[in-house]
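Structure record follows, encoded as structure tokens.
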Amino acid sequence: MDSFLDYEECIQDSPAFRLTLDKCQTDVAELQSRVEKVMKLCGKMVESGQAYNTANQHFLDGLAEFSTYHKRDSVIMNCMSQFIQGLQEMINFHTVLFDQTQRAITQQLSNLLTQFIPQLGETRKEFVRIGEDLETAAVKNAQIYRHKVTDAERASHLLLATRKCHQHFALDYCLQSMFFCLVPNKQKPELTELRHSFWFLQRLLNNFKAQQKLDILNSVFSYFHAQYTFFHQGFDLLRDLEPTMKSMAAQLAQLSTECTAKRKDLENTHLLIQQRDASGEPILRSCPDGGETIQGYLFKRSRRKNKTWKRCWFSIKDNQLVYTKSHKEEPVLLFDDLRLCAVKSLDSIDRRFSFELVSVKKCCALQADSEELKQAWISAVLGSIDMAYRERVESQQPQPKESPLPLQSPSDPQPGQPPQRPAALVVALQSPGNHRCCDCSEEEPRWASVNLGITMCIECSGIHRSLGVHLSKVRSLTLDSWDPEQLKLLCGLGNDVINGIYESRCAAEGRVKPSAGSPRPEKETWIKEKYVEKRFVKDANSPETQIGRENAGRQLYQAAFQGDLVTMASALAQGAEVNWSHAEEEGRTALIGSTFGGSLSACEFLLQNGANVNYRDQRGQGALHTAATWGHTGQVCLLLKKGANQYAVDERGQDPLAIAIETAHADIVTLLRMARMNEEMRDSEGFFGSMGDDETFQDIFRDFSDMASHDPERLTRRQFSRSGQEGQDKRMVNDQHKAEKEEEDT
């Protein structure tokens, strides 16, 4: 409990009273400093709160302006409007809270600083002054000489009156008044001031001690009551918004589900586009009318300044060529009817990959980024011209009653059943194990690796794509076109065979194969360990030595000669070099060896895995020479499609065509002559030069490819007696070569 001033001590004006009075004055000063600090901090808090409210109001205004961006979406607009209203109420509550805080703390505590404390200071000054006068009166009384009877008597009476005043003014006001009357008039003001000074000071200090408790507690209570009101109002507001928040939570869950599905769809689409179009090839899309369009960037030469080329965005659609210089400009029609135009390669200028469009009215020089893009644009222009003429002819002919049905495989569904699968997908899934992804076992794969001969899901196909085409060539079973020999290769190997090779040591390594639900990083690690590091291939490290490389090369050569795809895949997995030359077989590679054996699948497998199609042995003969010598029409067709040089001559000065004529293989002679005529047409400098492959040439090669894959007996013109043993074939080839050399010597 606080100690109040003792009235008895006050009357006596003892040192204990003076000490207590000084202590009270010190407490008042300390209280004054602390009250001033609290009021200062309260003022800063209120200012910060008001600044917070101002910033919050600006944020709320920006949020309301932002919500207008989604004014067409009723769900977002309703949610935003209700939340904005709730936040606006919270801002109003904050404003009221800060106003009440300022009134509760600042205004109430200011009473202590503006009323009691200044009054105490003034009273203290008066008390000190009257005490000094009392001390002076006592000193004068002590200094009066004895012979001055009258002065001594007055001083004694004044001193006595002062003492009695100290003793009795608090006990009996009447007695003090009577005693006050005995005092001379000139002394009355001094005694009155002294009496009231002691009394008022003592009363003021005691009242201050009692009142400051009331003011402080009342201020703190008012502040907490304001806080209670603020949070109670916020609670009521949020409780009123609770049904709305539950409804919004349900809508948010639905939107989250839809967003997840949409994000997954976008990721699949992104991966699909990346796998299909990230190689830099032109983007071909089907138009609603069934035509084809190509679009992309080309450099266009200025008609006025021949040395000025500008990069523009070109597109072909509806038999028209249009371009635009930037996205801010409207497309410009360059040629309104491509049927009146001709396209040819422009080799007379220094810029590479250039071609020219010529019409009756004008000509335009364009430049692509690569030779492939240049040929794609030329082919697209010619295709658009051809399609326009076909549409015109078909529009003039009567429509047939029934349209021909597409060719169906035996496993295709009949009419009335679900939609048919693409032919490539049907054939690919027939091989054992191909109905699941080769690397994660996901059902119904839609992608495949041509050179490995496996099927895979879309996620694993993206990982295979990142390995590079030298390791895995990924294609879609539903979107891309497949040659017959590629499908035959896919069926000849398959997931079970390849996994038996690349996962043979998986159990020994203690490695667990990922599943369809495994995360993508786990699948990436597995695929890299499986195909790049070949950790699970048996005897994968043996080719590190010279003897190991030769053994692997011999194994690959022997398997290629025999057409054994499984052994060939195993040899490549163990590290055999696809272009390794067999010194004992006149420096032939496995590709040349496969043309001895006549296996179309073996030839396709080696070419897909990077075999050099134009490599020649010690006698100057390549794979095309050997295929023409032995009458393997399907292999000749395949090698020509892969870019084999048909003009290369061997040590006798004979090219593949001369060999085919000499050995009387009519089909091979036809293929070689057609290929040569096609190249001459493409390389010609005439008006229709560089038009791409002739349509008749494409049809003939397509027919030969189909026959070589599905009905090879129809291509047999001469059969050679081969028992499948490499020694007999080698002796026969060497005997033939010796006889040829003897004829040349004679």
Within the group 515, 504, which residue is assigned to a loop (DSSP other than H, G, I, E, B), farther than 17 Å from residue 464 by Cβ and in contact (Cβ under 8 Å) with a residue 40 or more places away in the chain? 515
Looking at region 336-349, I want the residues that are more than 22 Å from residue 372 (Cα to Cα) and have a partner that is at pLDDT below 85 with Cβ atoms under 8 Å, at least 6 apart or on another chain. Which pairs are those? 337/319; 337/388; 339/319; 339/385; 339/388; 339/389; 340/359; 340/360
Do we have residue 529 as in a helix (DSSP H, G or I), surrounded by 16 or more Cβ atoms within 10 Å (Cβ to Cβ) and acidic (Asp, Glu) here? yes
Output the number of the condition that residue 92 fails; it satisfies all remaining conditions of (1) assigned to a helix (DSSP H, G or I); (2) at pLDDT below 85; (3) within 45 Å of the chain's Cα centre (by Cα). (2)
In the set 356, 329, the lone residue that is at pLDDT 80 or above and part of a strand (DSSP E or B) is 356
Need the failing condition index for residue 84 against (1) closer than 30 Å to residue 244 by Cα; (2) at pLDDT 85 or above, just the number. (2)
Examine region 535-544 for a residue that is in contact with a helix residue (DSSP H, G or I) (Cβ under 7 Å, 6 or more places away or on another chain), assigned to a helix (DSSP H, G or I), small (Gly, Ala, Ser) and more than 21 Å from residue 494 (Cα to Cα), and state whether such a residue exists. yes
Restricting to region 423-460, give me the number of residues that are at pLDDT below 90 and assigned to a helix (DSSP H, G or I). 8
Flag if residue 536 is under 22 Å from residue 466 (Cβ atoms) and either modelled with pLDDT of 90 or more or not charged (D, E, K, R) (or both): yes
Does region 558-575 contain any residue that is out of contact with any Phe, Trp or Tyr (no Cβ under 6 Å at 6 or more places or on another chain) and of a type in the set (Phe, Trp, Tyr)? no
Residues satisfying the stated conditions in region 614-654, i.e. farther than 17 Å from residue 561 by Cβ and β-branched (Val, Ile, Thr): 633, 636, 649
Looking at (1) over 55 Å from the mean Cα position of the chain (by Cα); (2) modelled with pLDDT of 65 or more, can you tell me which one residue 732 breaks? (2)
Hits in region 472-487 - residues which are out of contact with any strand residue (DSSP E or B) (no Cβ under 9 Å at 6 or more places or on another chain) and either of a type in the set (A, V, I, L, M) or closer than 13 Å to residue 608 by Cα (or both): 479, 483, 485, 487
If I filter region 604-625 down to residues being within 17 Å of residue 653 (Cβ to Cβ) and out of contact with any strand residue (DSSP E or B) (no Cβ under 7 Å at 6 or more places or on another chain), which single residue comes out as surrounded by the fewest Cβ atoms within 10 Å (Cβ to Cβ)? 618
Report whether or not residue 604 is over 21 Å from residue 587 (Cα atoms) and of a type in the set (D, E, K, R). no
Of all strands (runs of 3 or more DSSP E) completely enclosed by region 258-317, which ones contain at least 1 residues that are farther than 15 Å from residue 367 by Cα and at pLDDT below 70? 283-286, 292-301
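Given the options 463, 378, name the one that is part of a helix (DSSP H, G or I), at pLDDT 80 or above and in contact with a Lys or Arg (Cβ under 7 Å, 6 or more places away or on another chain).
When all the criteria are applied, what remains is 463.
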Is one or more of the residues making up region 573-587 under 27 Å from residue 485 (Cα atoms), touching a helix residue (DSSP H, G or I) at 6+ places or on another chain (Cβ under 6 Å), in contact (Cβ under 8 Å) with a residue 60 or more places away in the chain and surrounded by 23 or more Cβ atoms within 10 Å (Cβ to Cβ)? no
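The values are calculated or read from the model by the stated rules, or taken from the named source; none is laboratory data. Please read these numbers as outputs of a predicted model, since none were measured by experiment. Reconstructed Cβ throughout: ideal geometry from the backbone, glycine too, with neighbour counts over all protein chains shown.
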